[in-house]
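Below you'll find the structure, written out as structure tokens, and then a few comments.
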Amino acid sequence: MTRRLAEVARKVGVSEATVSRVLNGKPGVSESTRNAVLTALDVLGYERPTQLRGERARLVGLVLPELQNPIFPAFAEIMGNALAQQGFTPVLCTRTAGGVSEADYVELLLAQHVSGVLFAGGSYAQADASHEHYRRLVERQLPTVLINAGIDELGFPRVSCDDAVAAEQALTHLLSLGHTKVGMVLGPPDHLPSRRKLAAFTAAAAKAELSVPAEWVGHAMFSLEGGQAAAARLIERGVTGIVCASDPLALGTVRAVRRRGMAVPADVSVIGYDDSAFMNCTDPPLTTIRQPIEAMGRAAVDLLAAQINGAEVTAEELLFEPELVVRGSTAPAPEK
């Protein structure tokens with residue numbers, strides 16, 4: 001019992017005495033703290049006291065595109081903990097190839113009468129994808145928050161990393177190392193964050209009086225293999241620096257360089273995006289743009305909780321500043 005009290009207290013960030021008061025049904029605890037303690041019991045797998053078993057924790061859908069890219073489990077952990085602290089139980093929904101679609105998950109969550117939904121990296125970021133299931137959420141007036149850029153007409157609150165600043169940081173770093181032939185490996189052509197990165201990258205290059213030919217820009221699915229295929233074409237065209245829209249794309253780019261019998265960073269410098277887990281352990285350690293996922297995840301949960309509690313929230317996009325993390329995959333441009 002003592003261990004259970006300590007574990008729940010640590011999860012919620014309150015004293016063991018407060019947890020004890022909730023479990024024994026005593027007064028003097030706010031409703032939000034009480035809900036947070038009960039949710040923590042559920043999350044940690046402990047059985048609720050008999051007198052509290054009739055109460056169901058408030059559910060929130062947490063919809064992710066995949067778990068292979070380490071950035072999404074990281075977002076899930078941050079938002080899951082933040083939800084639990086506010087008295088919600090996260091319901092994790094992960095799309096798989098040929099499996100349950102995002103639209104199917106929305107119907108499932110609506111059937112479960114969830115209090116709200118958080119999306120990270122969904123089809124809202126693809127201009128050409130179907131967005132009908134999001135309109136179902138609008139019709140039901142269900143509190144919803146999107147992580148990173150989505151189409152404007154949905155009108156949901158958005159918490160995003162500033163793609164324009166990220167692209168400028170990456171290009172500025174490569175220019176400082178003497179690179180003049182810099183390309184990009186991005187997501188699919190209709191992927192809005194990739195479009196933003198490309199627009200900012202092109203504008204920054206023009207300001208530096210550099211051209212970015214269309215053949216120096218590759219589009220791919222967000223995977224190691226996609227990055228390798230797109231980067232191989234850029235390397236053939238003589239680029240010496242490649243900015244990627246995700247860390248897996250960057251790792252695929254490193255592989256493409258090596259398959260050509262070349263080296264990173266001696267022949268080609270590579271920059272990733274996200275600073276997901278273990279990027280400091282790759283060979284070479286990856287220079288990348290870090291998303292402030294802790295701040296973004298907590299802001300998204302705060303926005304959702306405010307909506308659920310009846311507060312008005314802005315539909316304007318909250319932009320968070322990224323950070324360039326310089327490691328071993330970038331170096332001065334090779335001599336001609």
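The values are calculated or read from the model by the stated rules, or taken from the named source; none is laboratory data. Worth saying up front: this structure is predicted, and the values here are computed from it rather than measured. Neighbour counts run over all protein chains shown; Cβ positions are idealised from the backbone, glycine included. Accessible surface areas use protein heavy atoms only, side chains included; no ligands, DNA or RNA. Shrake-Rupley method; radii C 1.70, N 1.55, O 1.52, S 1.80 Å.
Quick check: is even one residue across segment 246-259 open to solvent by less than 10 Å² (accessible area, probe 1.4 Å), touching a Phe, Trp or Tyr at 6+ places or on another chain (Cβ under 6 Å) and closer than 21 Å to ASN69 by Cα?
Looking for residues that are open to solvent by less than 10 Å² (accessible area, probe 1.4 Å), touching a Phe, Trp or Tyr at 6+ places or on another chain (Cβ under 6 Å) and closer than 21 Å to ASN69 by Cα, one finds at least one in segment 246-259, hence yes.
Among residues of segment 128-160 being among the hydrophobic types (A, V, I, L, M, F, W, C) and within 26 Å of PRO70 (Cβ to Cβ), the one that is surrounded by the fewest Cβ atoms within 10 Å (Cβ to Cβ) is ALA129. Among the residues of segment 270-293, those identified as in contact (Cβ under 8 Å) with a residue 12 or more places away in the chain and farther than 22 Å from SER194 by Cα are PHE278, ASN280, THR282, PRO284, PRO285.
Applying the selection to segment 196-212, what residues are open to solvent by 30 Å² or more (accessible area, probe 1.4 Å) and touching a residue at least 12 places away in the same chain (Cβ under 8 Å)? Walk me through it before giving the result.
Filtering segment 196-212 down to residues open to solvent by 30 Å² or more (accessible area, probe 1.4 Å) leaves 196, 198-199, 202-203, 206-212.
Correct list: ARG196, LEU198, ALA199, ALA208, LEU210, VAL212.
Is there a residue being open to solvent by 10 Å² or more (accessible area, probe 1.4 Å), within 24 Å of the chain's Cα centre (by Cα) and at pLDDT 95 or above anywhere in segment 228-239? There is at least one residue in segment 228-239 that is open to solvent by 10 Å² or more (accessible area, probe 1.4 Å), within 24 Å of the chain's Cα centre (by Cα) and at pLDDT 95 or above. Does segment 287-298 contain any residue that is part of a loop (DSSP other than H, G, I, E, B) and closer than 17 Å to ALA250 by Cα? Yes - at least one qualifying residue is present in segment 287-298.
Do we find that GLY227 is out of contact with any strand residue (DSSP E or B) (no Cβ under 6 Å at 6 or more places or on another chain) and in contact (Cβ under 8 Å) with a residue 12 or more places away in the chain in this structure? Criteria not met by GLY227. Restricting VAL239, VAL254 to those that are within 22 Å of LEU177 (Cα to Cα) and part of a helix (DSSP H, G or I) reduces the list to VAL254. Note on segment 176-224: residues that are more than 23 Å from ALA256 (Cα to Cα) and among the hydroxyl-bearing types (Ser, Thr, Tyr) total 3.
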